[in-house]
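Structure record follows, encoded as structure tokens.
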Amino acid sequence: MTPFLWLCLMGGLAIFSSTMSKNPALPLFIYSLGVDEGTLGFIAAASTVVGVVASLPAGVLSDLWGRRRVILFSVAVFATAPFLYLLVRTPWHLVLVRVYHGLATAMLGPVALAAVADTFREGRGERMGWYSSATMVGRFLAPTVGGVLIFGEDFRWVYLGCGAAGVLALLAALQLPRLGEIAQPKASGARWTTMRRELHLILTNRSLLLTSGIEAAQYFSFGAVETFLPLYLKGLGWEPRVIGPLFTAQVLITALTRPLIGRLSDRWSRRWPIVAGLLVGAGAMAAMPWIHAWWPMAALTALFGLGVAAVTSSTSALVSDLSRATAYGASLGVLSSIMDVGHSTGPMVAGLLVAAWGYGPTFVLIAALLVICAVLFATLMQYET
């Protein structure tokens, strides 16, 4: 297989493992430990908080020392973390495991996309879409498989399955050669001087920071949905094996549409798919807490997945376009770090809002945030680009 195919296979297996560890298992596992809804979101967000801290350093290190080294380290975490869930007995045990597991996704996300950006100058949005879709294959299979492997409050089989997938991801990563990386100055001091200059340019690029903020808003809503929709549905009396396929439908639509939307953004514009995706996701999310039947809920989760695809297939490519070739890793690390701010605070804020007001007002309020972000992005990017 080509290096790009090995990269896609590795990404799909790693994300399959990671997603099955949390969707729909994680909120149900936390709840089984006696944690209330107001606190549950903070534990669920533990892994994504790590991304805020780790993604940018991971991207910088991959620019300096090579993508393959950082990828191998991250996938080694994917291969070992799932087995630690078997040792969890109290909520604080779970927090520690989630922090360690979160290190893997924080590092792999920006570095793998930087490797794609290095390798493909033309059609970058489409290729990033294909890689993202490969990870989405893992993501859409995981909820259904994970739901089937939950037996009452016995979560052991879920995490054994996660561990097996993580080990396979590590075996795939070992097949990767040096990926099409940009040559850096050989002297260590020269490399760090170059990187400091690149980071200054990145952190003062308003368009790049605005795009990263919009992705953070998208993942704020995504984090709220993946954490609290399963609990809402469980409150309606739905079993995990019925809840899981809803998220499979969501991620399937995301996986199928990302390459197409990436191609459209290559040809026409990065901006308008982002705006449209935010609005579509907002409409779907606002309707979720008022639905009680499986098929309408499946349609809404699929529509939400379409919105996620439209936003995220364009934001990564836009950030690469706005960056210098020698700093793709750092730029995408900034994107990932800011995104993780949204992804981690989504469950936290949503948990507090659900505890205070209930599911309906919470979902509508977060949907309104997406609409506001769509209007701001459409307006401000006219002046930034």
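The values are calculated or read from the model by the stated rules, or taken from the named source; none is laboratory data. Values in this document were obtained by computation on a predicted structure and should not be read as measured data. As a convention, Cβ positions derive from the backbone with ideal geometry for all residues, glycine included, and neighbour counts pool all protein chains shown. What goes into the accessible areas is simple: the full protein's heavy atoms, side chains included, and nothing from ligands, DNA or RNA. Shrake-Rupley method; radii C 1.70, N 1.55, O 1.52, S 1.80 Å.
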Between residue 175 and residue 379, with labels modelled 7 Å along Cα→Cβ, what's the label distance in nm to one decimal, could you check? 5.0
Rolling a 1.4 Å sphere over the protein heavy atoms, what is the accessible area per residue of the stretch 1-96, to the nearest Å²? 36
Out of the total accessible area of the chain (probe 1.4 Å, heavy atoms of protein only), what percent is carbon and sulfur? 70
To the nearest 10 square angstrom, what accessible area does residue 348 show with a 1.4 Å probe? 40
Of 135, 379, which has the most accessible area with a 1.4 Å probe, and how do the rest follow in descending order? 379, 135
Over the chain, with a Gaussian network built from C-alpha contacts below 10 Å, which listed residue (168, 203, 229) shows the highest mean-square fluctuation? 203
Potential lengthening between residue 293 and residue 164 on full extension [0.36 nm per residue; Cα-Cα distance subtracted]: 43.0 nm
Tell me, what does the Kirkwood hydrodynamic radius of the stretch 108-176 come to in angstroms if you use every pair of distinct C-alpha atoms? 14.0
Could you give the distance between the Cα centres of the stretch 53-117 and the stretch 331-385, to the whole Å? 24
Under 15 Å from a point placed 7 Å out from the Cα of residue 53 along the Cα-to-Cβ direction: which residues of the stretch 83-98 have their backbone N that close? 95-98
P(r), alpha carbons of the chain - 20 Å bins starting at zero, rounded %: 31, 60, 9, 0
Could you give log10 I(q)/I(0) at q = 0.18, 0.22, 0.26 Å⁻¹ for the stretch 275-322, computed by the Debye formula over C-alpha point scatterers of equal weight, without solvent? -0.55, -0.70, -0.85
Using a 1.4 Å probe on the protein heavy atoms only, what accessible surface does residue 126 show? Give it in Å² to the nearest 10. 40
Rg to Rh, two decimals, where the stretch 242-323 supplies the alpha carbon set and Rh follows Kirkwood: 1.05
Solvent exposure ordering (accessible area, 1.4 Å, most first) of 131, 100: 100, 131
Burial-style ranking of 308-317, 59-68, average other-beta-carbon count within 10 Å with highest first, yields 308-317, 59-68
Within the chain, helix-based [θ] at 222 nm, where runs of 4 or more DSSP H residues each add -39,500 (n - 2.57), nearest 500: -29000 deg cm²/dmol
Theoretical gain in end-to-end length, residue 83 to residue 355 [0.36 nm per residue, Cα-Cα removed]: 94.7 nm
Please report, largest first and rounded to whole Å, the three semi-axes of the ellipsoid equivalent to the stretch 274-385, where each semi-axis is the square root of five times an eigenvalue of the C-alpha gyration tensor. 29, 16, 14
Please state, as a whole number in µm²/s, the translational diffusion coefficient that the Stokes-Einstein equation yields for the stretch 14-112 at 20 °C and 1.002 mPa s, with Rh defined as the Kirkwood radius across alpha carbon pairs. 155
